[in-house]
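Every number here is computed from the coordinates shown, using simple stated rules; none is lab data. Nothing here was measured: the structure is a model prediction, and the numbers come from that model. A quick note on method: Cβ atoms are made from the backbone with ideal geometry, for glycine too, and the neighbour counts reach across all protein chains shown.
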């Protein structure tokens, strides 16, 4: 396999990891006002992601760093082009991270809970908008500089993409909470999973179908089907009270959505409206030497990271009970 | 102001701000790990309480370092896309390594440390804080390798077709002499910062007569760490200066307000310069000092600003190759001054507290509290010197700052993000300092403080 292909896949894996992992802690933040009726419940919800959210967020940083190293042109075009949406995402992640760490240390948690909610909702929506635009194609000039404005990015398809990821991550948070809590909190999370599951099925399904018709290949039909089956499976499992299966099914759905997006992208990394200006895995890539070095680094350290992150989830595998 | 100025202010503000938290994270992570190790070895509960007290302050600070670090990962692409395209092949590699090898390590194991007190065996729990500390220090190495490449590009070639820098030798980038000197300088500086913080906070408590045993232990440890680290800062700084004289003579000349090439050059203590005419009105010097420091000989030749300017014009074409001389001169001097003062305070502190003594004079404690600020000023001035002294270059000798900025940037958009980040950072600074003060005032928890959360039913039961 060519190294550019390896790195395209690896970056897809990093984004997949990011969406699967931070997806549920975005969802917990979005559902916080609905599920957490009092301070003890809200505290339990935050504690359910407390040990892992920071490690989950590093998937994003590594995706950014890996894109910089492997496809500098992609990194440069994407983040200078999607300037204001990225700024909003960064602000959201800043206040959200501080809220998660400071809430339990502060006298009043109300402000922090608000920051956690908006800081989760914003990125959950905006990442969908961003990826929909990447897949759809944006105006780039011959130097691969983005020539559109903010409004270019706020097209109906991209907004639908935002709603789709928002619904999907909210569902992910609901099934995660059902898996990690007991009693009333768990019951409420399962009710929320039903509603958000329906929303995810409708919004995600429509978005994926349009994406498939626009950029899809024969192969991505399979991932669209897996995504739909995953969401439906999460719903069924929730109804039957199998929290573990519901979470696994929705995680599979998020993987399949990311596969559909990246599958539709290949072999471009950032298609331009004028195809001559598109960034591809070839013209955006670093030299074979850099890719080779980075492949060794990734081959050695990615399994190690996966192992210790998996161990963390094992250590904190128990359900949390609300203590008043 | 144009896009370039705004982008530079943004990088300066966000990076200087980020680096207020980073040194404390680097140094405190190791100190906390050390306290916990002492508890593990001796079983003395005072060390456990120290671990928890300093650990909590460490975490309050760590959170700020993490969230402000996210901006760092992306703003090269946002505001400096031309730079990113030009250097990504080389510069991206250490950045990606930092994420994969260091960020995952520190964030994952810190999560385990915070929430794992009652879930992990004692020894494993101790290992988690050490792994987090290692991750933090490792992260410094990779980002300094990236920065050092901007100061002294090595292990690359310029591709004549694409006009981009391409990596040819990753080992050369990771063992760049500039990195090897900068890393100990930054790490020792971080230990001075963490040391000064622990000394100052302990002094505040001791002055109020609280927890004398615990804070005396903390202060004595931190005083020793700070003194040793100060010596390390000086030695590594000296090494760095010699490397800088050779690799970036203009920066050294500006730091010294040395206008002409000189043999037996003196070390300037105080100067009033005339940049326009390239000379000093007043210059108080230590004779032979600069030659001795830069070349290890009394009559070594040190290059001056005007002569380097002429040589660079011949090499790189017409242009002004001088950084802002006054800024380079004063930031360099004040960095050394504040840093040295922190070291002297630590020395005095060790002497005053020798063999169980406790100073009675309240000014000793006040000086320790004010001393917290010294290393942070020195760190900040050091980075301002390093980065501003390299101007007009972004990558020394091959890329100018003016051509590094995102060409498609809109002045209004950059202004929005500059104001946005600055305001949010300012608010967070107030919150962070208040929270630190709250927990400093509260003091260490009593010995039998409860753990963080209580395990219940296993999740994987259906």
Between 0 and 90°, nearest 10: helix B:81-97 axis offset from chain B longest Cα axis: 40 degrees
Antiparallel %, DSSP beta bridges [both residues in the protein assembly as shown], to 5: 90 percent
Over chain B: helical MRE at 222 nm, DSSP H runs n ≥ 4 each giving -39500 (n - 2.57), nearest 500: -24000 deg cm²/dmol
Global form of the stretch A:56-99, assessed from the alpha-carbon gyration tensor, a/c cut-off 1.5: oblate
Percent of Cα-Cα distances greater than 41 Å, calculated over the protein assembly as shown: 35 percent
Over the stretch B:285-409, relative contact order from alpha-carbon pairs under 8 Å, at least 6 apart, %: 25 percent
Whole-Å semi-axes of the stretch B:155-203's equivalent ellipsoid (Cα gyration tensor): 40, 11, 6
For the stretch A:251-324: rounded, prolate or oblate by the Cα gyration tensor [a/c cutoff 1.5]: oblate
Hull shadow area, averaged, the stretch A:3-314 [alpha-carbon convex hull, nm²]: 15.3 nm²
Burial ordering of B:214, A:261, fewest other beta-carbon atoms within 10 Å first: B:214, A:261
Inter-label distance, nm, simple model (7 Å from Cα along the C-beta direction), residue B:347/residue A:306: 5.5 nm
For chain B, average projected area of the Cα convex hull in nm²: 26.8 nm²
B:409, B:81 arranged by Cβ crowding within 10 Å, fewest neighbours leading: B:409, B:81
Span per principal axis, largest first, for the Cα atoms of the stretch B:1-50 (Å): 61, 13, 7
Debye equation applied to the C-alpha atoms of the stretch A:162-226, log10 I(q)/I(0) at 0.13, 0.14, 0.17, 0.21 Å⁻¹: -0.42, -0.48, -0.62, -0.79
Peptide-level mean, for A:85-97, of C-beta atoms on other protein chains within 10 Å: 5
Relative contact order computed over the stretch A:172-262 (Cα-Cα under 8 Å; 6+ residues apart), in percent: 33 percent
Modelled FRET efficiency - R0 22 Å, residue A:229 with residue A:314, Cβ distances, 0.05 increments: 0.20
Descending Cα extents along the principal axes, the stretch B:231-305, whole Å: 36, 23, 22
Alpha-carbon Rg/Rh ratio, for the stretch B:42-100, with Rh computed the Kirkwood way: 1.30
Burial ranking of peptide ranges A:195-201, B:243-249, A:174-180, A:148-154 (average Cβ count within 10 Å, highest at the top): A:174-180, A:195-201, B:243-249, A:148-154
The stretch B:308-453: translational diffusion in µm²/s, Stokes-Einstein, Kirkwood Rh over Cα pairs, 37 °C, 0.692 mPa s: 161 µm²/s
Inter-chain shielding of A:291-297 (mean C-beta neighbours from other protein chains, 10 Å cut-off): 4
Cα long-axis angle, helix A:288-315 against chain A (0 to 90 degrees, to the nearest 10): 10 degrees
The stretch A:3-314: relative contact order as a whole-number percent, Cα under 8 Å and 6+ apart: 24 percent
Gyration tensor (alpha-carbon) shape descriptor, the stretch B:1-139, a/c threshold 1.5: prolate
Packing-based exposure ordering (other Cβ within 10 Å, fewest first) of B:238, A:144, A:172: B:238, A:144, A:172
Taking the convex hull of Cα positions in the stretch A:221-290, its mean projected area over all directions (nm²): 6.6 nm²
